[in-house]
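What follows is a set of notes on a single structure, which appears directly below.
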Amino acid sequence: MRNLPLFWARSQTLILWLIPGLRRFSSSASGGGGGGGADVAVKKVTRSNFEPALEDLRALVREADFVAVDLEMTGVTSAPWRDSFEFDRSDVRYLKLKDSAEKFAVVQFGVCPFRWEPSRGSFVAYPHNFYVFPRKELPVHGPSYEFLCQTTSIDFLAKYQFDFNACIREGISYLSRAQEAEALKYLSSKYLDGLANSFCNLEEHVDIPLVRTADLFFSERMKIKFQEWRDAILKGSDKGCVNKENADGNEMQFQTVFFKMRPAVFLNGFSSHQLNLIQLVVRKHFKDLVYVCVVDEDNSWQRRVVYVETEEDKASFMKEVQQDVMRVEKRVESAVGFRHVVDLLASDGKLIVGHNCLLDLAHIYSKFFGPLPSSMMEFILAVHEKFPYIIDTKHLLNSSQVIQFLMKRSSKSLSSAFSLLCPKVSSVSQNSTSSTYVRFEIQADETGSSCFNSGAKHEAGYDAFMTGCVFAQACSHLGIKFEVHTPLYDLARNGKIKNYINVLYPSWNSGTVLHLNTGTESPESGYKRKYPAVVFANIVLIWGFPSKFKPKDLKDCVCRVFGPDSITSIFFIDRTAALIQFSKEEFVNEILVLKDTLERVNDPISMLHPLSKLLEGGNTRAANYDTYRDICAASASKVLFADQADSLGIHWKTKLGTGSQETWEASCNETTTEVTSLVEHSSGVSADSIRQFKHQISFVDILDSLHVKGMTST
């Protein structure tokens with residue numbers, strides 16, 4: 001992140017007057033990149049200063065009236081067809097949201113507490129910009145974290161001077177609550193199982209049968225090695241040398257080290273099976289040797305065989321190792337990392353403010369709580385349980401007539417709203433006492449000034465600051481007088497904004513809003529649809545057709561069969577996949593049966609059917625809307641929708657609904673009659689003749705008859 005010069009020295013606060021009005025910011029305004037007239041001090045937090053910043057943030061959040069948040073991610077959509085479409089049903093929209101949150105990483109997390117200061121008559125803001133990176137901090141099972149990067153998103157971050165080095169090298173790692181519980185269970189059991197195996201009585205232990213000759217030889221060789229090493233320890237002749245040998249192509253080392261003030265052998269280069277055999281040998285043949293498995297400073301598992309002098313020394317050693325199990329909890333707590341910030345926001349029940357924040361909430365839940373639920377209703381109810389008061393400024397801007405009047409027809413983007421509702425600092429207005437003004441002070445810590453950067457647009461900390469300012473100014477326009485609400489603990493329950501709390505947009509083109517407190521979805525008032533109202537039962541999914549097909553070609557092809565008014569709308573998912581909405585629900589089953597009939601019959605007569613052009617190439621697939629949902633639910637993300645379907649093992653060409661056998665048989669007769677009529681009309685050949693000799697007619701015969709008819713008519 002670029003370090004812009006700060007224009008104040010040892011000053012604790014920067015005062016901003018945000019004045020309601022319609023004038024825009026200059027695009028060259030410093031600091032906010034089009035968002036403000038003065039630089040805003042945003043605290044940069046990495047793992048080097050995370051602990052003190054977290055402690056300071058605890059007090060700030062506890063005293064805050066609301067907290068604004070914003071996230072920056074490595075991408076939004078894993079494939080073009082996973083974008084948000086107006087034809088997406090609520091369950092499909094959630095599947096796309098879930099896919100995005102699970103596949104992309106959060107790299108910046110902006111947190112900005114706002115506190116009303118009655119003595120100053122202003123809000124005091126504390127913008128924080130946390131760099132986050134999913135680093136593997138514990139030696140648990142499984143590969144390192146993986147995430148996708150969308151090139152357009154990475155380019156966007158780079159355009160706004162995102163500091164990738166700070167993110168990757170100094171980003172704060174984290175564990176979700178589910179990962180924390182799993183790590184505690186795994187690490188504790190690993191320690192305790194090792195201790196239990198090491199200190200159990202020999203007669204209580206059931207030997208592992210050595211059936212392989214190689215295992216017998218290896219066990220005997222290890223017995224001799226440990227006998228020689230122990231004798232050398234007792235004689236005092238061991239000088240910490242490293243003994244190496246080769247077995248099965250792996251170099252195995254016996255290196256004398258000290259562990260908890262006792263001589264020990266550091267085991268390296270052995271397979272897991274060989275380590276199990278070593279553990280068996282030590283337990284069976286050596287009462288004064290103990291096998292232990294511990295985590296070193298590099299968070300990797302290390303195996304050691306430790307020499308203990310007496311039974312009392314063994315018991316003392318066992319207690320010392322058991323204390324390491326207690327320290328495992330501290331290691332896991334330290335690895336929790338940035339999730340402590342999310343826990344802080346959730347525990348205090350503060351009003352959380354975001355802008356178009358449903359995707360942000362999905363990331364927060366996925367990264368810091370656990371796997372996302374399977375349905376939208378489960379998800380929003382789970383979010384509401386964690387954060388009981390959430391307000392989306394995008395919904396507030398679109399729903400409030402007062403705000404809409406102020407913004408006219410301007411974009412409802414965060415930067416546009418900030419520019420219009422919160423103009424840049426005006427020195428003339430600083431002495432005004434108008435009740436329409438909202439005053440803000442940005443608190444900066446002079447002792448830690450090196451941690452503060454001048455905020456910029458599309459930096460998470462600065463965007464969180466802008467979000468909070470837009471919210472506070474919108475509240476003022478709605479008639480909330482902050483000066484009479486002191487202390488301002490009940491803002492979330494204020495009657496003037498109660499209709500905007502816990503209401504989110506599922507997507508910009510859904511035409512609906514989500515209610516977090518009930519888990520329901522309702523139509524958005526005033527939404528203007530680009531397409532006619534969607535009736536999902538009337539939609540058929542078609543993919544794999546020739547890429548030369550355009551929407552007009554597809555419509556003409558289908559309307560020749562079902563009539564000119566049969567199609568309500570067509571939406572192309574990509575160049576070889578489309579959703580067709582019919583005017584009647586029965587058309588969905590009819591086109592599926594007709595397509596299947598044409599592909600089953602596949603005779604010269606059927607090749608003249610109007611749908612034959614759609615089936616060229618033999619790769620066209622068709623199904624109802626539920627298949628679209630199933631394909632979107634898959635974890636893979638191929639670029640083309642057709643390739644995505646193929647990756648799921650879909651080999652059928654048409655997925656018929658239940659009870660379609662009778663319809664298929666009727667369609668066979670209808671298709672034959674339809675094509676026969678076409679040929680009869682063109683060639684003059686009687687229908688009876690065609691039915692009688694259909695098996696003898698070739699496609700060439702049909703063309704010849706059409707050619708003769710054309711010549712005689714001229």
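Based on Cα contacts under 8 Å between residues 6+ apart, the stretch 260-381 shows a relative contact order of 17 percent.
Pairs exceeding a 19 Å alpha-carbon distance, out of K136/K159; K394/K496; K185/K330: K136/K159. Charge tally for E378 (other residues, Cβ to Cβ under 14 Å; Lys, Arg +1; Asp, Glu -1): -1.
If we count every other residue with Cβ under 15 angstrom of S316's Cβ, Lys/Arg +1 and Asp/Glu -1, where does the sum land?
Working: positive: K260, R262, K314, K319; negative: D288, E309, E311, E312, D313, E320, D324.
Neighbour charge sum, excluding S316 itself: -3.
Karplus-based coupling profile of the stretch 40-53, in residue order and whole Hz: 10, 6, 10, 6, 8, 10, 10, 5, 6, 10, 5, 4, x, 5, with θ = phi - 60° in 6.51 cos²θ - 1.76 cosθ + 1.60 and x standing for Gly or Pro. Amide hydrogen proximity for Y174: with H placed 1.01 Å from N in the peptide plane, the residues at 5 or more positions away or on another chain lying under 5 Å are R135, F338. With 21 Å as the limit, write out which pairs from K284/K314; K584/K655; K412/K528; K367/K412; K96/K550; K103/K530 have Cα-Cα distances beyond it, or answer none. From the list (K284/K314; K584/K655; K412/K528; K367/K412; K96/K550; K103/K530), the Cα-Cα distance tops 21 Å for K367/K412; K96/K550; K103/K530. Charge tally for V336 (other residues, Cβ to Cβ under 13 Å; Lys, Arg +1; Asp, Glu -1): 0.
Using θ = phi - 60° in the Karplus curve 6.51 cos²θ - 1.76 cosθ + 1.60, the 3J(HN,Hα) couplings for the stretch 154-168 round to 5, 5, 4, 5, 5, 4, 9, 6, 5, 8, 5, 5, 5, 5, 6 Hz; x is entered for Gly and Pro.
Taking 1 over the mean of 1/r across every pair of different Cα atoms in the stretch 533-670, what Kirkwood radius in Å do you get?
Values: mean 1/r = 0.0658 Å⁻¹.
Evaluated over the stretch 533-670, this radius sits at 15.2 Å.
With N as its number of residues, the stretch 458-600 has a Cα radius of gyration that, divided by 2.2 N^0.38 Å, comes to 1.64. Is the shape of the stretch 497-537 rounded, prolate or oblate, going by the alpha carbon gyration tensor and its root eigenvalues a ≥ b ≥ c, with a/c under 1.5 for rounded and a/b larger than b/c for prolate? Prolate, because a/c is 1.5 or more and a/b exceeds b/c.
Label-to-label distance for W301 and R135 is 2.3 nm, based on points extended 7 Å past Cα in the beta-carbon direction.
Every read-out reported here was derived from the displayed coordinates using simple, explicitly stated rules and does not represent laboratory data. Note that the structure is predicted; figures quoted are calculated from it, not measured. Quick reminder, even Gly has a Cβ in these numbers, built from the backbone with ideal geometry, and neighbours come from all protein chains shown.
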